[in-house]
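Working notes, beginning with the structure itself.
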């Protein structure tokens, strides 16, 4: 019986469940496998895989803060709030926001307890169906706002139109929505270009196995990396 957690560094372009599929193929035995927090296909970074009795710890991991690094592009917004979407609004002005002005807006409106409306293109279920499925069919999706907590929203690099930030927040926060909403406040619009999850609680992506190496490692090498609980 395999019980514990496995830290995986998910690559861009695959779903979180694709990682589980790879592990099931490697394990070749009946075992419960889940994960503690979905990453969108366009995002990379830490995915905590729950194995066997480890799946019972899902709610515990949901109490941990998550840390992200995000690269945003100012000047336009998209329907999915990331670079893979269709451009919706474009900034036609010439004035470039100064870093101090962006920091002020972040401090005033994007730190602490805030209300956030999940994006239409999200995995939230509406009457049993994923919101993104409805949105792709052209159906309007209006999701209820939810309370989230952002403990850190720090700009570590800025050269218009590129803005790079480090964000620490609670489970359920949509980082691409934080960026989108910041762009709305700035009046320049904004879209997430790259998103990477760095940590969940005390677990760091530096300790993780790269998802594109799982099949090559094989079962025995992967089992050596399972953290017992």
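The values are calculated or read from the model by the stated rules, or taken from the named source; none is laboratory data. Keep in mind that this is a model prediction, so the values were computed, not measured. Glycine also receives a Cβ, built like all others from the backbone with ideal geometry; neighbour counts cover every protein chain displayed.
Some observations on this one:
- Within segment 182-211, tally of residues that are in a helix (DSSP H, G or I) and touching a strand residue (DSSP E or B) at 6+ places or on another chain (Cβ under 9 Å): 8
- For segment 88-126, the tally of residues that are surrounded by fewer than 13 Cβ atoms within 10 Å (Cβ to Cβ), at pLDDT below 95 and under 22 Å from the mean Cα position of the chain (by Cα) stands at 1.
- Hey, residue 138 surrounded by fewer than 19 Cβ atoms within 10 Å (Cβ to Cβ), in the same structural domain as residue 21 (by TED's automatic domain parsing) and either modelled with pLDDT under 95 or assigned to a loop (DSSP other than H, G, I, E, B) (or both) or not: no
- Check on residue 74, surrounded by 18 or more Cβ atoms within 10 Å (Cβ to Cβ), in contact (Cβ under 8 Å) with a residue 12 or more places away in the chain, under 18 Å from residue 205 (Cβ atoms) and in contact with a helix residue (DSSP H, G or I) (Cβ under 9 Å, 6 or more places away or on another chain): no
- Selection of segment 218-229 for residues being part of a helix (DSSP H, G or I) and either buried (at least 17 other Cβ atoms within 10 Å of the Cβ) or touching a residue at least 60 places away in the same chain (Cβ under 8 Å) (or both) yields 218, 219, 222, 223.
- For segment 102-116, a residue qualifies if it is closer than 15 Å to residue 183 by Cα and touching a residue at least 12 places away in the same chain (Cβ under 8 Å), and the qualifying residues are 102, 103, 105, 106, 109, 110, 116.
A quick yes/no check of all residues on (1) surrounded by 14 or more Cβ atoms within 10 Å (Cβ to Cβ); (2) over 12 Å from the mean Cα position of the chain (by Cα); (3) under 18 Å from residue 217 (Cβ atoms); (4) at pLDDT below 90:
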site: 1; (1), (2), (3), (4): no, yes, no, yes
site: 8; (1), (2), (3), (4): yes, yes, yes, no
site: 11; (1), (2), (3), (4): yes, yes, yes, no
site: 20; (1), (2), (3), (4): yes, yes, yes, no
site: 24; (1), (2), (3), (4): no, yes, yes, no
site: 31; (1), (2), (3), (4): yes, yes, yes, yes
site: 40; (1), (2), (3), (4): yes, no, no, yes
site: 43; (1), (2), (3), (4): yes, no, no, no
site: 50; (1), (2), (3), (4): yes, yes, no, no
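- Subset of segment 162-184 (residues that are more than 12 Å from the chain's Cα centre (by Cα) and farther than 17 Å from residue 118 by Cα): 162, 163, 164, 165, 166
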